[in-house]
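Every number here is computed from the coordinates shown, using simple stated rules; none is lab data. The structure presented is a predicted model; accordingly, all values stated were derived computationally and were not measured. Glycine also receives a Cβ, built like all others from the backbone with ideal geometry; neighbour counts cover every protein chain displayed.
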Amino acid sequence: MSILRLVIPSPLRRHFDYLPPVGVADAAIQALEPGTRLRVPFGRREVTGYLLEVCSTSDVAASALKAALEILDETSLIEPQLLSLCQWATRYYHHPPGEVFSALFPKRLREGKATRAAGEAGWQISIRGKGLPGDALSRAPRQAEALQLLQDAALPVTVLKARGISSATLRALEDRGLVERRTLSKHLQTPKSFPGLPLTEEQAAAMQGIRAAGDGFFCHLLEGVTGSGKTEIYLQLIADRLAQGKQTLVLVPEIGLTPQTLARFQERFEADIAVLHSSLSDAQRYTAWEAARSGSASIVIGTRSAVFTPLARPGLIIVDEEHDGSYKQQDGFRYSARDIAIKRGQIHGCPVILGSATPSLESLHNALTGRYQHHRLTQRAGSSKMPQLTPLDVRRQPLQGGLSGTLIDAIEDTLQKSQQVLLFLNRRGYAPTLQCHDCGWVAECPACDARLTIHRRRRQLRCHHCGSSSALPARCPQCNSSQLEAQGLGTEQAEDFLRQRFSGHSIRRVDSDSMQGRDAMLELVAEINRGEPCILLGTQMLAKGHHFPAVSLVAIIDADALLFSADFRGEERMAQLLTQVAGRAGRADIPGRVLLQTHYPDHPAVIALTSSSYSEQAAALLDARRSLGLPPAGFLAVMRTDCPDAQLGEQFLRQVKQQVAPQLPQGAALIGPLPSPMQRRAGKYRCQLLLTADRRRSAQQAASLLVASAEALPARQGLKWSIDIDPQDVF
Ligand code: ADP
Ligand code: ZN
Ligand code: ZN
């Protein structure tokens with residue numbers, strides 16, 4: 001007897017067995033490929049399941065098994081390597097397989113709909129149409145003409161239209177059963193690459209090293225300062241793959257996929273490029289997915305979830321800005337797209353390139369220990385120089401809109417030279433706190449342990465953690481005083497000051513409030529690249545992806561806000577962010593300047609930032625991590641709970657800890673449970689248990705124990721738990 005072992009979209013960490021659909025021959029069942037979609041009953045619903053294997057026995061008695069309802073695909077839509085990757089990810093992240101497999105398919109296919117072959121809509125003659133006597137349509141000359149055209153070959157709608165055949169005519173023929181609709185494969189263009197730039201010495205060396213390592217799996221870390229020509233190397237490597245008839249998958253950070261980047265690919269290649277990012281409609285996403293799967297797209301560019309796109313002929317995987325936090329999914333299936341990309345390269349047997357100006361300590365560690373090949377580009381590709389960071393001590397200096405007199409003078413000076421200024425302030429809104437001057441009341445979110453941010457443009461108080469908003473009050477709700485004060489600095493407030501101080505100059509605020517819609521950034525970049533003097537003021541949206549050649553002054557308005565992060569990755573992130581911001585500036589004829597406003601010019605992190613390169617800082621940070629046994633020298637996982645009741649989560653985690661502690665493998669330890677730093681968020685109390693281990697294997701074993709124990713405990717009202725392997729944040 002054949003049993004179908006399926007993955008079902010459900011939060012359960014297990015597979016489900018089904019009997020074959022009634023009336024399907026066993027030979028057909030045996031021939032089913034893993035990955036095939038089936039429609040099955042599940043509880044009271046019907047869902048789409050994914051075949052793992054056809055087996056001969058089940059742990060469940062045959063009489064208790066339900067039969068699948070329908071086989072949805074003739075052959076699997078997913079290559080076997082991608083299935084192996086999902087099974088690996090299910091184990092590694094200890095996540096329910098149904099949710100992992102759902103990441104593979106676009107919505108249309110998850111809903112059980114049929115695939116739509118990529119191609120053009122067209123018509124063909126039916127058997128009945130072929131056998132029709134010549135004069136049968138003498139009273140309908142248009143139809144007769146259409147039928148005549150279709151005698152020899154199926155034709156696309158566009159061609160028929162050009163010959164004067166309307167869709168009404170074709171539908172009339174269809175009603176008579178004389179023609180049928182058919183999807184015709186598009187005439188595929190042969191991909192072509194235009195010649196690349198002559199490489200610099202450093203680029204050539206990197207290129208040669210990567211080529212020499214061969215077409216099989218090897219992971220390369222391409223560490224190159226901003227503007228050193230990493231993208232040019234990607235483009236030339238992609239050209240190699242195109243010549244071999246292979247596809248390249250390029251991953252970019254969420255806000256790194258700029259129209260500029262895409263335009264560079266389109267200029268270099270005459271090829272179908274599939275683009276996958278979060279603001280596509282379901283239909284667009286499906287079309288791009290299908291182009292990648294069928295192989296009609298030679299290049300697939302996408303953000304995090306694109307790492308799971310099926311590929312017909314994978315030949316190369318590139319992860320640009322590999323250090324970027326957006327590669328880690330922060331809820332649900334908490335995977336790292338970078339790490340999945342590396343595993344995928346290994347399974348497919350193709351090279352993986354990790355590129356960054358500021359590589360993560362994890363990747364540097366792997367490069368230093370010889371696991372990855374390390375290629376470095378230390379010079380900008382053109383003749384421009386990397387700008388120097390200078391600390392600007394603002395102690396006892398009056399600040400206006402957050403800016404010191406020295407900085408204001410520097411801005412003035414830059415504008416006078418007809419150059420551009422970029423000011424970085426990583427806090428949107430007007431001010432982070434609203435306080436009553438009379439009684440001390442502070443506006444706090446009713447659902448979170450957090451203060452509300454003032455958004456003056458919209459006259460709102462908003463919570464940046466749960467997204468709730470309310471009208472900006474005119475009076476204190478506690479004492480009715482009208483003396484409400486904004487405290488702290490956000491981009492709106494700095495903008496107000498700049499408009500007043502530099503009136504007559506173009507000032508552009510760039511944050512997620514002001515940049516609504518995809519075209520907003522496109523228009524802005526076009527405007528900036530016209531090179532007129534202007535002031536750009538923005539959050540980390542400005543720090544990534546773009547290169548602004550006419551910017552000659554960059555200033556970090558509030559470096560102190562980045563200095564005191566509780567998280568162990570805080571300093572690494574700060575070094576990456578500020579190096580990236582600084583890298584936006586300068587071109588050949590205008591050297592860039594970068595000023596860092598701080599009250600702590602003697603802070604070790606400030607000294608490190610302004611006196612050493614990112615590589616040097618990273619080396620020091622890596623030493624510190626090693627001595628503390630923190631990643632990449634050690635391994636972490638966090639089990640978190642989220643519950644409307646303040647006590648339940650902690651009790652739950654304490655029980656898990658009690659059960660697991662005696663069985664913990666050598667070198668593993670549990671810390672906590674402790675309330676999360678922001679204990680209450682969106683009305684739920686959050687708590688966490690931290691797992692540390694000296695080896696990956698012990699971390700994995702211990703994580704399995706934690707998950708098994710949590711699953712076995714009785715479910716509690718409203719309590720949700722999750723496990724995060726290799727977490728980004730632990731505090
Ligand atoms: P990165 O990706 O490292 O930031 P890019 O590849 O975007 O660097 O290159 C930065 C700038 O230098 C681009 O304008 C690019 O056209 C130019 N460039 C890159 N490589 C070369 C080269 N070999 N010769 C001349 N210009 C180059
Ligand atoms: Zn008050
Ligand atoms: Zn809130």
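Here is how the numbers come out for the structure above:
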quantity: Paramagnetic label zone (point 7 Å from Cα along Cα-to-C-beta, residue 10; backbone N under 13 Å) in the stretch 41-58; calculated: 41-50
quantity: Evaluated at q = 0.29 Å⁻¹: base-10 log I(q)/I(0), Debye formula over Cα of the stretch 613-664; calculated: -1.04
quantity: Scaled radius of gyration (Cα, divided by 2.2 N^0.38 Å) that the stretch 631-690 gives; calculated: 1.21
quantity: Order by protection proxy (mean Cβ within 10 Å, highest first), peptides 150-162, 282-294; calculated: 282-294, 150-162
quantity: Degrees, to the nearest 10: 282-294 long Cα axis against longest axis of the chain; calculated: 70 degrees
quantity: Residue 283-residue 172 FRET efficiency (beta carbon distance; Förster radius 25 Å; 0.05 resolution); calculated: 0.30
quantity: Rg ratio (alpha-carbon, reference 2.2 N^0.38 Å) - the stretch 485-582; calculated: 1.16
quantity: The stretch 1-72 and the stretch 520-535: distance between their alpha carbon centers, rounded to Å; calculated: 56 Å
quantity: Semi-axis lengths, Å, the stretch 365-521, gyration tensor of Cα atoms, sqrt of 5 times eigenvalues; calculated: 37, 24, 17
quantity: Cα convex hull of the stretch 40-86, projected area averaged across orientations, nm²; calculated: 4.5 nm²
quantity: Computed [θ] at 222 nm, helices only, for the chain once each DSSP H run of length n ≥ 4 contributes -39500 (n - 2.57); calculated: -9500 deg cm²/dmol
quantity: Per-residue Cβ neighbour rank within 10 angstrom, fewest leading, 552, 627; calculated: 627, 552
quantity: Sum of side-chain charges, residue 670 neighbourhood, beta-carbon under 12 Å (Lys, Arg +1; Asp, Glu -1); calculated: +2
quantity: Long-range HN-HN contacts of residue 192 with modeled amide H, under 5 Å; calculated: 270, 271
quantity: Over the stretch 433-490 - Rg/Rh using Cα atoms and the Kirkwood inverse-distance radius; calculated: 0.93
quantity: Kirkwood-Stokes translational diffusion coefficient of the chain, alpha-carbon pairs, 25 °C, 0.890 mPa s, µm²/s; calculated: 84 µm²/s
quantity: Residue 400 paired with residue 151, simple spin-label distance in nm, labels 7 Å along Cα-to-beta-carbon; calculated: 8.6 nm
quantity: Neighbour-count ranking [beta-carbon atoms within 10 angstrom, fewest first] of 347, 233; calculated: 347, 233
quantity: Loop-located GluC sites (Glu not before Pro) in the stretch 66-117, at most 13 other Cβ atoms within 10 Å (DSSP); calculated: 74, 111
quantity: Kirkwood-Stokes translational diffusion coefficient of the stretch 249-349, alpha-carbon pairs, 25 °C, 0.890 mPa s, µm²/s; calculated: 178 µm²/s
quantity: Mean projection area, nm², convex hull over Cα of the stretch 305-412; calculated: 12.1 nm²
quantity: Crossing angle, helix 141-150 versus the chain [Cα axis fit, 0-90 degrees, rounded to tens]; calculated: 80 degrees
quantity: Cα-Cα over 18 Å, subset of 230/544; 192/544; 192/246; 657/720; calculated: 192/544
quantity: Distant-in-sequence amide H partners of residue 381 (H built 1.01 Å from N, under 5 Å); calculated: 228, 229
quantity: Sparsely packed trypsin sites (Lys or Arg not before Pro) within the stretch 464-554, loop by DSSP, other Cβ within 10 Å at most 11; calculated: 530
quantity: Contour minus Cα-Cα distance for residue 368 and residue 666 (0.36 nm per residue); calculated: 104.6 nm
quantity: Separation of alpha-carbon centers, the stretch 263-299 and the stretch 375-424, rounded to whole Å; calculated: 38 Å
quantity: Label-point gap, in nm, between residue 24 and residue 87 - each point 7 angstrom along Cα→Cβ; calculated: 1.9 nm
quantity: Sum of side-chain charges, residue 282 neighbourhood, beta-carbon under 13 Å (Lys, Arg +1; Asp, Glu -1); calculated: +4
quantity: Reciprocal of mean inverse Cα separation for the stretch 595-704 (Kirkwood radius, Å); calculated: 16.5 Å
quantity: Net charge dipole size for the chain [Lys, Arg +1 and Asp, Glu -1 on Cβ; Debye, nearest 20]; calculated: 1240 debye
quantity: Distance between modelled label sites at residue 481 and residue 449, nm, 7 Å Cα→Cβ extension; calculated: 2.7 nm
quantity: Exposure proxy ranking, count of Cβ atoms within 10 Å, fewest first, for 721, 88; calculated: 88, 721
quantity: Per-pair calculated FRET efficiency, R0 = 56 Å: residue 713 and residue 437 via Cβ, rounded to 0.05; calculated: 0.65
quantity: In degrees, nearest ten, helix 337-348 long axis to first principal axis of the chain (Cα); calculated: 40 degrees
